[in-house]
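Asks: A single structure is presented below for examination.
The values are calculated or read from the model by the stated rules, or taken from the named source; none is laboratory data. Being a predicted model, the structure only gives us computed values, none of them experimental. Methodologically, a virtual Cβ is constructed for each residue, glycine included, from the backbone with ideal geometry; neighbour enumeration extends over all protein chains shown.
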Amino acid sequence: ASSASSASSASSPSSLLQPHHRHHHRCHLRLLNGQQWRGVSTSTAAAAPPSSSSGEEHGPLMLHPKFWQTLDDSGGPAHFWGEQARRHITWYHDFHTVQHHDTDRGIVSWFLGGILNASCASNCGRCNNVIPVVKPTNYSELHAHSANSQLHLKLAGVKQVSYSELHAQVCKLANVLKLAGVKKGDRVCLYMPMTPYVVYAMLACARIGAVHSVVFAGFSATSLRSRILDAGCKVVITADEAVRGGKRIPLRQTVADALASDGCADLVSTVLVQRRTGVEGGLRAGDIDLIDAMAKERPYCEPEMLFSEEPLFMLYTSGSTGQPKGLVHSTAGYMTQAAVTHRAIFDYQPGDVYACVADVGWITGHSYVVYGPLANGATTLLFESIPTYPDSGRYWEMVERYGINQFFTTPTAIRRLMKDADEFVTKYDRSSLRVLGSAGEPLNPEAWKWYHNVVGDGRCDIIDSWWQTETGAPMLAPLVGTNNHKPGAAMQPFFGITPAILNDDVRSAVLRACVYRNPSMARTIHGDHERYTSTYWGVYPGYYFTGDGARRDEDGHLWITGRVDDVINVSGHRMGTAEIESALLEHGGVAEAAVVGYPHDVKGQGVYAYVILKAGERVTAETADELKAAVRRSIGGLAVPDVIQITPDLPKTRSGKIMRRILRKIAANQYDDLGDVTTLSNPEAVTAIIDDHKAIH
Ligand code: WTA
């Protein structure tokens, strides 16, 4: 697996390997030959006509015949990414080697020798351009808290930030961080609401070479603490309160709870607090008032010179085991792919208004609220609220108000909104929309059709993109303008991506989705490179293993079949079942817990917990609530079980392993399809669990 050469020289890890890249390049070539990149179905008045000359700043992406040549003949994806990196990133110093991989040791590196700074590529690099605007949706729910929330909404303004203001604010915040002693390589924890300050904070870290670790502001104090400790963050940036869907969320209080342990209190030297609501007592003794501190700083901060492989950020996500993984992303590889994919997958054209309504606490927010759009000088929108507040028309009202061209949300939001009357959508003018994006979980055909027919009036491209925190950007997505979409997940690899469907042995029916090399792949797990190497590169040597299953249909399209490990995806929030189990065990009365996902009509997957209480524990009316509270305390509201089934026993193998396969089937009401239960040490447990399950439902 060690080579510094191009992807096309890779040898197959097993005879079952079905390399996909040859096929898909030819396929795309045929598809696009002689056509324009924008294709046939998507143009609207808002779209700038694509230019045909290569090398031009705003020309159509990747249609130059040279690309096809390079993909097919010389150098393959590596050559492609090399060209893209030079085209989309502002370099202080060019790189000398496009990529070097030694995956046996978990070494993934791109654009070696290059020197850059992400905050410059994204804002300084644009300072001389015509000024696009960052538009936060700041309906200012601040005022919405009081008695008649809907009334106050009208009063609220929208904050717009120009690129030059963004640049100044980033520099000021960077200077504040320097004053607090933050140096290159230091980790900074961001536990913040969706306002421009979180973007300033991310880019300020990037500017001085610090590594931001954004923790979604819905995580509990316990989760926050373990992430601060694991990353070794000496500085935490937060806000007094967040405002979401008309509710105030006491972020500073949660940070205080997180720091209320010796280890964490000793580690964190500085807490910077953004006054979001200005609530009394929002700042505590010793806190630095972020906005005041920024006001005192000079709007200039020399950017740190970073080598390509130096980290840009880390972001925690869940794996099969209890301990979340702090995935570390590189500066150049990540930036390149975020920029290219933002432009090509979502068909961003200069002048477009692009809206990804994800929270920056997730990878989608990193790549498609912040880094991708800003690298392209785009107008990007920050969404601070929830899709159903003040009513289910919120998104579409925004589309009308801002003339949004690309709108990007999650399947969960779509499924939630389609339960309400279509009128919430249709009463707003959506003619500006060209592309409707989705990511994070499977977009089931019903939701796909509603998104396409109702939201998009049947004329927009639905871009269901498959990717992960680890990959940084989509690996698979349909191509805009090809009219070649299949509702429900049929996808094609993005340019320069080489997926492979691999198999352990001939008899196993489980096919796994793997990916060859790409620039935005995470480089390590913070503090545990061994885990990174073995989890991702140790399963199929030379290939990154995604943890998802996949199959290929007769047209060569890929279908993702879901996780093949103990990770579940609830409303697009990825969690390990082991994390929820240990949260349940925090409740003193629990002897054993087994958590599985089950089909849920809005969330995609719901959390189903089977719990054995300790001997002598009585089940009371409060038991379920107490157990839920334990999970809320330990992880956060997003992980709280939808169903808790107290059970006297769990099905186990003779070696004592819980048979989750059976529990999953029962939770999904598939009693008849349990497979072989004779190998269990306690087959009678299954019958008892089924009876109780029926009683619950
Ligand atoms: C799942 C979110 C089906 C998948 C960007 C993956 C999807 C996990 C899709 C990563 C999709 C993501 N269709 N499944 N379009 N996108 N997934 O790290 O199981 O939060 O492994 O990244 O979500 O979740 P993560």
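Asks: Kindly provide the set of residues from region 602-637 that are buried (at least 19 other Cβ atoms within 10 Å of the Cβ), touching a residue at least 60 places away in the same chain (Cβ under 8 Å) and in contact with a Lys or Arg (Cβ under 9 Å, 6 or more places away or on another chain), ordered by number.
Replies: Residues satisfying the conditions are 603, 604.
Yes or no, residue by residue, for (1) within 16 Å of the ligand (Cβ to nearest atom); (2) of a type in the set (Lys, Arg); (3) in contact with a Phe, Trp or Tyr (Cβ under 7 Å, 6 or more places away or on another chain); (4) farther than 17 Å from residue 660 by Cβ:
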residue	(1), (2), (3), (4)
543	yes, no, yes, yes
546	yes, no, no, yes
549	yes, no, no, no
556	no, no, no, yes
560	yes, no, yes, yes
582	no, no, no, no
587	no, no, no, yes
607	yes, no, no, no
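Asks: Further question: Kindly indicate which of 341, 321, 331, 336 is closer than 22 Å to residue 237 by Cα and either in contact (Cβ under 8 Å) with a residue 24 or more places away in the chain or not hydroxyl-bearing (Ser, Thr, Tyr) (or both).
Replies: Of 341, 321, 331, 336, the one residue that is closer than 22 Å to residue 237 by Cα and either in contact (Cβ under 8 Å) with a residue 24 or more places away in the chain or not hydroxyl-bearing (Ser, Thr, Tyr) (or both) is 331.
Residues checked against (1) basic (Lys, Arg); (2) out of contact with any helix residue (DSSP H, G or I) (no Cβ under 8 Å at 6 or more places or on another chain):
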{"position": "598", "(1), (2)": "no, no"}
{"position": "605", "(1), (2)": "no, yes"}
{"position": "609", "(1), (2)": "no, no"}
{"position": "636", "(1), (2)": "no, no"}
{"position": "644", "(1), (2)": "no, no"}
{"position": "660", "(1), (2)": "yes, no"}
{"position": "664", "(1), (2)": "yes, yes"}
{"position": "679", "(1), (2)": "no, yes"}
{"position": "691", "(1), (2)": "no, yes"}
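Asks: Continuing with this model, one more query. Could you give every pair whose Cβ atoms fall below 8 Å, whose first residue belongs to region 568-585 and is on the phi > 0 side of the Ramachandran plot, and whose second residue is more than 11 Å from the ligand (Cβ to nearest atom) and at pLDDT 90 or above, counting only separations of at least 6 or pairs across chains?
Replies: Close Cβ pairs satisfying both conditions: 571/412; 571/602; 571/603; 571/638; 572/412.
Asks: Now for a separate question. Looking at (1) within 16 Å of the ligand (Cβ to nearest atom); (2) surrounded by fewer than 21 Cβ atoms within 10 Å (Cβ to Cβ); (3) more than 17 Å from the chain's Cα centre (by Cα), which is the one condition that is false for residue 533?
Replies: (1)
Asks: Moving to a separate point now. Within region 532-586, which residues are in contact with a Leu (Cβ under 7 Å, 6 or more places away or on another chain) and more than 28 Å from residue 606 (Cβ to Cβ)?
Replies: 540, 543, 552
Asks: Could you figure out which of (1) among the aromatic types (Phe, Trp, Tyr); (2) surrounded by 15 or more Cβ atoms within 10 Å (Cβ to Cβ); (3) assigned to a loop (DSSP other than H, G, I, E, B) isn't true of residue 300?
Replies: The single condition residue 300 does not satisfy is (2).
Asks: Something else: Among what's in region 404-449 and is basic (Lys, Arg) and touching a helix residue (DSSP H, G or I) at 6+ places or on another chain (Cβ under 9 Å), pick the residue that is surrounded by the fewest Cβ atoms within 10 Å (Cβ to Cβ). Before you say what the answer is, go through the steps one by one.
Replies: Initial filter on region 404-449 (basic (Lys, Arg)): 415-416, 419, 427, 430, 434, 449.
Now narrow it down to the ones that are touching a helix residue (DSSP H, G or I) at 6+ places or on another chain (Cβ under 9 Å): 415, 427, 430.
Numbers: 415: 22, 427: 12, 430: 21.
So, considering only residues that are basic (Lys, Arg) and touching a helix residue (DSSP H, G or I) at 6+ places or on another chain (Cβ under 9 Å), the one surrounded by the fewest Cβ atoms within 10 Å (Cβ to Cβ) is 427.
Asks: Applying the selection to region 332-373, what residues are assigned to a strand (DSSP E or B) and away from the ligand (no atom under 16 Å from the Cβ)?
Replies: In the first step, residues of region 332-373 are kept if they are assigned to a strand (DSSP E or B); the result is 353-356.
The answer is 353, 354, 355.
Asks: Further question on the same structure: Any idea how many residues of region 654-691 are of a type outside the set (S, T, N, Q) and under 19 Å from residue 599 (Cβ atoms)?
Replies: 16
Asks: State all residues of region 170-181 that are at pLDDT 95 or above and surrounded by 24 or more Cβ atoms within 10 Å (Cβ to Cβ); if no residue qualifies, say none.
Replies: Correct list: 173, 174, 176, 177.
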